[in-house]
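First up is the structure itself, then whatever we jot down about it.
Values quoted throughout were computed directly from the atomic coordinates according to the rules given, and no laboratory measurement underlies them. Just so you know, these numbers come straight off a predicted model, no measurement behind them. Positions of Cβ are backbone-derived with ideal geometry, glycine not excepted, and every protein chain shown enters the neighbour counts.
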Amino acid sequence: MDGIHDLGGKEGFGPIAVTAEDPAFPEAWEGRAYAMVQTVGDPGSTIDWFRNVIELMPPAAYLTEPYFQKWQFVQLIELIQSGLLSFDEVVTGRTDRPGAPAAPRGLTEVLQDEHDKFCSFERSASNPPAFRVGQRVRTRRHMPAIHTRLPAYARDCEGEVIAHHGAHVLPDRNARGEETAEHLYTIAFAAPELWGDWADPRDDVTLDLWESYLVRP
């Protein structure tokens, strides 16, 4: 999807002021928003669905709303779609169906749950890889108008396969609830291929890209 979210390589938005002293959550509500997204929601939703909903925000809202405000926007949609909340409950801030409070949890239990989330995301492939390490490839010029992890600045560009990671879930389909595995590669692009002749040829950019994003040059 070529929306306002795909700002890689775009100019005119000014510098991003970042310092090592910046707190993780400048405002207290941002920390609470992060915790809510991590602990409350539809178990069937995926990170790709989450990202896709953010991409559907109106451009003016996307560029002006704080980062975690976008997260809360998506979580409200998730909770309404899953039936955990109704639209009226969101508007009024009240529920007519209060549930029992959750049982208290100790720090050890919470940390174990977080540890269990870190697992391998590799899937079984139904076909052998189409490309090999060291091979030259070109990214597709046109992509479907759906969620994708191929940034606009890297379309129709030639690079080299420097790693193969097995098969992983394709985000484009996973955003629509379809789990399809594809081979995943790391592709290295020379900086001038992406940014033009003024770029330093000693620099390169590496991207992890799925097989359907790639063709032979």
### Task
Taking the chain as the reference, fit the longest principal axis to its C-alpha atoms, fit the long axis of helix 107-117 to the helix C-alpha atoms, and give the angle between the two in degrees, 0 to 90, nearest 10.
40
### Cα-based helix-to-principal-axis angle, 67-81 vs the chain, degrees rounded to 10
70
### Query
Counting only Cα, what are the radius of gyration and maximum Cα-Cα distance Dmax of the chain, in Å?
20.7, 63
### Query
Rounded, prolate or oblate: which one fits segment 65-151, using the alpha carbon gyration tensor with axes a ≥ b ≥ c (rounded when a/c is under 1.5, else prolate when a/b beats b/c, else oblate)?
oblate
### Query
Angle, helix 28-39 long axis vs. longest principal axis of the chain, Cα atoms, 0 to 90°, nearest 10?
80
### Message
Once you place label points 7 Å from the Cα toward the Cβ at A28 and R149, how far apart are they in nm?
### Response
3.8
### Query
Plugging the Kirkwood radius over Cα pairs into Stokes-Einstein for segment 1-95, at a temperature of 37 °C and a viscosity of 0.692 mPa s, what D comes out in µm²/s?
215
### Task
If a/c stays under 1.5 just call it rounded; otherwise compare a/b with b/c (prolate if a/b is bigger, oblate if not). Do that for segment 122-215, with a ≥ b ≥ c from the square roots of the Cα gyration tensor eigenvalues.
oblate
### Message
Under 10 Å, Cα contacts only: if you run a Gaussian network model on the chain, which one of A190, A152, A103 comes out with the highest mean-square fluctuation?
### Response
A103
### Query
At what distance in nm do the modelled label points of L111 and R140 sit from each other, each positioned 7 Å from its Cα along Cα→Cβ?
4.5
